[in-house]
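The structure appears below as structure tokens.
A short reminder: the numbers here are calculations on the coordinates, not readings from a lab. This structure is a prediction, so every number in the text was calculated from the model and none was measured. Don't worry about glycine lacking a Cβ; one is built from the backbone with ideal geometry, like all the others, and counts go over all protein chains shown.
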Amino acid sequence: MKVLPTILTLILCLFLTSCSKGNQINGRSLRTANRSVSHIKDRLPVDKRIEFEVSFWSLRDAIRDRKDFLKAVDGKTPEELIAEGKKLFQKRKNAGFKGYDKFDSWDQMIAEYTKQRMDQNRHKRPDPRDRQNNVLYNLSNI
């Protein structure tokens, strides 16, 4: 009798592991693709996050047909999508695509976008609600 719960637990764990696509883009629809990209992006390190975003939106710009775009990104991991973005960058740069002429390489473009993102975040006003959510307690009043 103790074997049955163990077997069921193993089957459940195997099922959950095999059905998980937490690190891949779900390309069923644009909504699910955007949702999975947002979820993946939040878990990436900062240096990969911008590469991932630029790759995704560059591919979206290059592949206008919705079905073709969803087919192109479905099941892609962040590394695979970044590799596709690098290929597209080089293809567009070689074709003389406007806007790419000011960058010598993919890394230079990403460094520039990273700098712009950091400058944007630096100039934001702090939200007053953040001060109210302080977890430090004033113990001198006790």
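Count Lys and Arg as plus one, Asp and Glu as minus one, and take only other residues whose Cβ is under 15 Å from that of ASP47; the net charge is then +1. Please give the net charge around TYR100, taking every other residue with its beta carbon less than 9 angstrom from that of TYR100, where Lys and Arg add +1 and Asp and Glu add -1. Here the charged neighbours net out to +3.
Name the lysines eligible as straight-distance cross-link partners of LYS76: C-alpha to C-alpha under 21 Å, and not fewer than 8 places from it in the same chain. Of all the lysines, those that pass the test against LYS76 - Cα under 21 Å, at least 8 places apart if same chain - are LYS21, LYS41, LYS48, LYS67, LYS86, LYS87, LYS91.
Projecting label points 7 angstrom from Cα along Cα→Cβ for ARG43 and GLN90 puts them 2.9 nm apart.
For the pair ARG28 and ASN121, what calculated FRET efficiency results from E = 1/(1 + (r/R0)^6), where r is the Cβ-Cβ distance and R0 = 35 Å, to the nearest 0.05? All intermediate terms of the calculation are to be shown ahead of the outcome.
Working: r = 32 Å, r/R0 = 0.93.
In this case the efficiency is close to 0.60.
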